[in-house]
Amino acid sequence: MFQRGQNSATTFLKRCCSTGVAVPVQHSTASRKQLGAAAAAAGAAGLAAWAVSPPHRLERSSHCADGGTLISAGVAAVVGGFGGYYLGTGKTADKTQTKYETYWPRKIMMVFGAPGAGKGTQGVKIVEELGIPQLSTGDMLREAVAAGTDVGKRAKEVMASGGLVSDEIVVGIIADRIKADDCKSGFILDGFPRTLAQAKTLDDMLAKKGEVVSLVMAFDVDPRVLEERICGRWMDKTSGRSYHVKYAPPKSMKLDKDGKLLTESMKDDVTGALLYQRADDTAAALKKRLDGYNTQTVPILDHYLPNGIVQHVDGGKPLDQVWVEVQTKMGRVS
Ligand code: AP5
C-alpha cells in the first residue's frame, strides 16, 4: 500500500519537542556525549595501564623499539575507544527509539478541509517533518478501485460522482491501517473522519488503547478558489504526488503554440511517469463533494473543539506561506 511522502530514519531522529512528537534527539545527544567521554576515558585508562605496567614503563619508551610499541598501543586504544563509541551510540539510539515508542503517546493528527484545500499537499511536508505516515482514505480507496478489489468495486461509482463511501468501509480500512508497524510513533489522517459517526468510531477505537486525537489542522480556503485548484490538479498514480497547471506545474509541462496544455508533457518530476486527472476532479463532482463537506464533515470541527486541539490555517495563501503557518501551528498543540 503506498503512502504519500517519505519516512526516513533521519527524519525520525530529527523530530523535536516543538512538534509535540518526540524527544529522541535530545536523549541521544546526551547519551552520545556520555558515551564519548566514557570511550575516551577507557582509551586513556588502557594507555596509562600499559605505560605503567612492568615491561612497558614510560621511562623505557626512550628506546626506539619501545616507543614504536607505545604508539601502536596508543593507536589501538584510540581506535578501540572510537569503535566502542560508535557501537555504543548505535545501541543507545535503538534503545531510545524503543523507549520512545513504548512510553510516549502516538502523535495522532488530522489534516482537515474542503476538497482542494491543500490537505494532500501540506500533508506530504508534514510527513517529511515528523517522519510519521499520512493515511489518506481517498488514496487507499483509489488504490482499491485501480486494483479492482471488492472494496474498490463498491466505492468506484460513488467516488466518481463525488459522494461519500460508506462509514463501514472506510472505518474498516483505517482500523487495519493504524495497526501497521509504521504507525508506531503516530500518523496523519487525511480525508478521515468525514462524518460525525466516523469521528466517534475513531475516538472509541483510540480510547481502547488510551489514545486520543492530538491535533486537527483545519485548512480554511475560500470556496471560489477551490474549483480552479481541483480542475487544474494532476496526480502521480504511484506516489500520490499532486501538481497544478498554474500553482505547482511539473518540470516537464509544455504548452502548444496557442498556449494549450500538452497533456502528454505532464510527467512526474521524480519518476517521469505520466500524470493523470482524477475522475472526481470536475466542476460537477466538486459541487457534490462541497455539499457533502459542508453538511457532513464540518460538524466534526465542533466535535473536537472542546478538546482544544483544533488549529486553523489560512489555506488560501501561496503554498510556502501555508507551510510556514502549518509549522507554527504544529508546535502549538501536542
Ligand atoms: P479525497 O482523496 O480525500 O479527496 P478530498 O477530500 O476531496 O480532497 P482532495 O484530495 O481533493 O483535496 P486536498 O485538500 O488534498 O487538495 P490538494 O492538496 O491535492 O477523497 C476522494 C473521495 O474518496 C471522496 O469524495 C469520497 O468519495 C471518498 N472518501 C475518501 N475518504 C472518505 C471517508 N473518510 N468517508 C467516505 N468517503 C471517503 O490540492 C489541490 C490542488 O491545489 C493541487 O493541484 C495543489 O497543487 C493545489 N494547491 C494546494 N495548495 C495550494 C496553495 N496554497 N496555493 C495554490 N495551489 C495549491
Review point. Taking into account only those residues within region 325-334 that are among the β-branched types (Val, Ile, Thr) and in a helix (DSSP H, G or I), which is farthest from the ligand (Cβ to nearest atom)?
Key: 328
Revision key, fill the gap. Within region 263-272, residues out of contact with any Asp or Glu (no Cβ under 6 Å at 6 or more places or on another chain) and either surrounded by 11 or more Cβ atoms within 10 Å (Cβ to Cβ) or in a loop (DSSP other than H, G, I, E, B) (or both) come out as 263, 265, 266, 267, 269, 270, 271, 272
**Study point:** Index of the failed condition, residue 276 passing every other in (1) surrounded by fewer than 16 Cβ atoms within 10 Å (Cβ to Cβ); (2) over 26 Å from residue 157 (Cβ atoms)
**Key:** (2)
Review point. Of the conditions (1) at pLDDT 95 or above; (2) farther than 26 Å from residue 331 by Cα, residue 191 fails just one. Which one is it?
Key: (2)
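Hey, among 189, 226, 206, 202, which residue is within 11 Å of the ligand (Cβ to nearest atom), farther than 30 Å from residue 267 by Cα and not in a loop (DSSP other than H, G, I, E, B)? Outline the logic, then answer.
Details: 189 fails: farther than 30 Å from residue 267 by Cα; 226 fails: farther than 30 Å from residue 267 by Cα; 206 fails: within 11 Å of the ligand (Cβ to nearest atom).
On inspection, the qualifying residue turns out to be 202.
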Review point. Has region 231-245 got at least one residue that is part of a helix (DSSP H, G or I) and within 10 Å of the ligand (Cβ to nearest atom)?
Key: yes
**Study point:** Residue ID - nearest to residue 163 (Cα to Cα), chosen from residues in region 304-324 that are more than 11 Å from the ligand (Cβ to nearest atom) and surrounded by 16 or more Cβ atoms within 10 Å (Cβ to Cβ)
**Key:** 304
Revision key, fill the gap. When every residue in region 246-262 that is within 16 Å of the ligand (Cβ to nearest atom) and basic (Lys, Arg) is compared, the one surrounded by the most Cβ atoms within 10 Å (Cβ to Cβ) is 251
Practice item. Output the residues belonging to region 173-228 that are within 28 Å of residue 277 (Cα to Cα), surrounded by fewer than 17 Cβ atoms within 10 Å (Cβ to Cβ) and among the β-branched types (Val, Ile, Thr). Key: 225
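The values are calculated or read from the model by the stated rules, or taken from the named source; none is laboratory data. As the structure is a prediction and not an experimental result, all values here were calculated from the model. Backbone-built Cβ (ideal geometry, glycine too); neighbour counts: all protein chains shown.
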